1. Condition first: among the hydroxyl-bearing types (Ser, Thr, Tyr) and either at pLDDT 90 or above or closer than 23 Å to residue 349 by Cα (or both). Now tell me which residues in segment 282-319 satisfy that.
2. If you go through segment 136-166 one residue at a time, how many are buried (at least 24 other Cβ atoms within 10 Å of the Cβ), closer than 20 Å to residue 92 by Cβ and in contact with a Leu (Cβ under 9 Å, 6 or more places away or on another chain)?
3. Looking only at segment 190-223, how many residues end up being assigned to a helix (DSSP H, G or I) and within 16 Å of the ligand (Cβ to nearest atom)?
4. Take segment 201-219 and flag every residue that is under 19 Å from residue 172 (Cα atoms) and of a type outside the set (A, V, I, L, M).
5. Report, by residue number, each residue of segment 237-281 that is modelled with pLDDT under 90, within 16 Å of the ligand (Cβ to nearest atom) and more than 18 Å from residue 345 (Cβ to Cβ).
6. Checking residue 294 against (1) of a type in the set (A, V, I, L, M, F, W, C); (2) over 25 Å from residue 227 (Cα atoms); (3) within 16 Å of the ligand (Cβ to nearest atom), which single condition isn't satisfied?
7. State the number of residues belonging to segment 152-189 that are part of a strand (DSSP E or B) and modelled with pLDDT of 90 or more.
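The values are calculated or read from the model by the stated rules, or taken from the named source; none is laboratory data. For clarity, every value in this text was computed on a predicted model and none was experimentally measured. Quick reminder, even Gly has a Cβ in these numbers, built from the backbone with ideal geometry, and neighbours come from all protein chains shown.
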Amino acid sequence: MGRSRSAVTDRSNLAGAARTLGLLLLFAAALGTPHTQAAPPARPAASQRNRTPARRQPTRPQPAQPAQPPNPAATPGLVSTDSAPMHHEALQAEKRFAQEMMQQFRVQMTFVETPHFLIWTTLQPQQHQVLAAQCEAMYAALLRIFQLPADQPVFLGKCAVFVLSNQEQFKAFCQYVQQIPPDHARRAVGFQIGLPDGRSRIIAFWPGNVQELAETLVHEGSHAFLQRFGGNSHVLPWFNEGLAEHVTATVFQTRCNQGREAMQRAIELVRNDPQILSKMLMMDDSLPGEFYPLAQSVVTFLVQTDGKAFVQMIKGLKNTEPFSQVLQKTYNASVPQLDTHWRKWLQQTAESGRPVY
Ligand SMILES: [Zn+2]
């Protein structure tokens with residue numbers, strides 16, 4: 001779940017979907033560490049967004065999937081229905097964690113609370129409201145994609161977001177929280193960490209411009225959202241990263257540099273390798289950065305083809321069913337059929353120059 005940048009998704013541009021309706025119908029027819037109080041048994045999963053999407057660095061191998069103590073309150077296919085005391089305890093735990101970080105690093109962070117996020121930051125006060133607004137915009141976009149009502153709680157408590165103004169602080173945080181080596185953190189703008197108890201945490205730093213920070217928060221926020229949707233289990237890296245990139249492109253549309261270029265990069269990869277989709281689907285450990293645009297294009301294609309089927313697909317994947325089986329069940333298509341129709345869509349979309357979010 002790393003990424004040479006971060007991103008998220010939703011389908012807010014219905015016009016774009018309508019323009020590709022013909023093809024879509026055709027297809028549809030065919031088809032941290034250890035940190036916390038007591039050390040957790042395994043390091044929680046982290047997702048990363050690196051700095052240069054254009055020249056993505058291979059992402060570090062994912063930490064072994066934590067032996068996830070299944071969240072008893074999470075029912076596959078639904079956002080978890082944790083009790084009020086569980087939400088309360090999660091909020092308190094994250095506030096204790098923030099205090100611990102401030103003491104550990106002797107840094108004062110400003111606390112900003114929004115309806116769905118707990119934000120701690122060392123950014124300047126004039127950036128606080130931008131941060132808060134970006135986080136909530138990302139949340140709203142995700143609700144639309146996942147077709148959830150606005151009052152549906154997703155996070156356990158709230159998602160914690162740490163945004164540091166200084167990269168050295170960021171690297172030190174990453175090392176302390178998630179044992180991420182500084183050399184690795186150096187290439188990243190942000191990480192998302194899913195804690196075994198269901199809490200989610202994003203750590204990012206100021207990359208020099210507000211757009212990149214906003215994209216990072218959306219990308220990592222997508223991982224946090226997907227971590228919670230349909231239980232606390234993980235999905236395949238290509239799906240996780242593809243969705244995060246799709247959401248980012250959808251939220252920012254023409255402002256998202258990486259979103260503009262993704263389809264072109266995907267086309268280049270596809271042109272050179274007839275087996276590339278199958279190869280990507282087999283990657284079950286981590287996804288190299290150069291595959292992000294490819295993953296994004298597959299997710300965008302699936303979302304645009306049938307948004308409802310896509311949500312069902314997420315539920316199946318969170319239920320750890322094999323992708324080919326879930327594809328058959330939800331889109332009535334085999335992997336070779338997906339390959340054929342996705343390639344045609346990719347080619348036509350790239351040639352037309354249409355926006356794809
Ligand atoms: Zn990622």
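1. Of everything in segment 282-319, those that are among the hydroxyl-bearing types (Ser, Thr, Tyr) and either at pLDDT 90 or above or closer than 23 Å to residue 349 by Cα (or both) turn out to be 292, 297, 300, 305.
2. 4
3. 12
4. Selection gives 201, 205, 206, 207, 208, 216.
5. Within segment 237-281, 247, 248, 251, 252, 256, 258 qualify.
6. (2)
7. Residues in segment 152-189 being part of a strand (DSSP E or B) and modelled with pLDDT of 90 or more: 6 in total.
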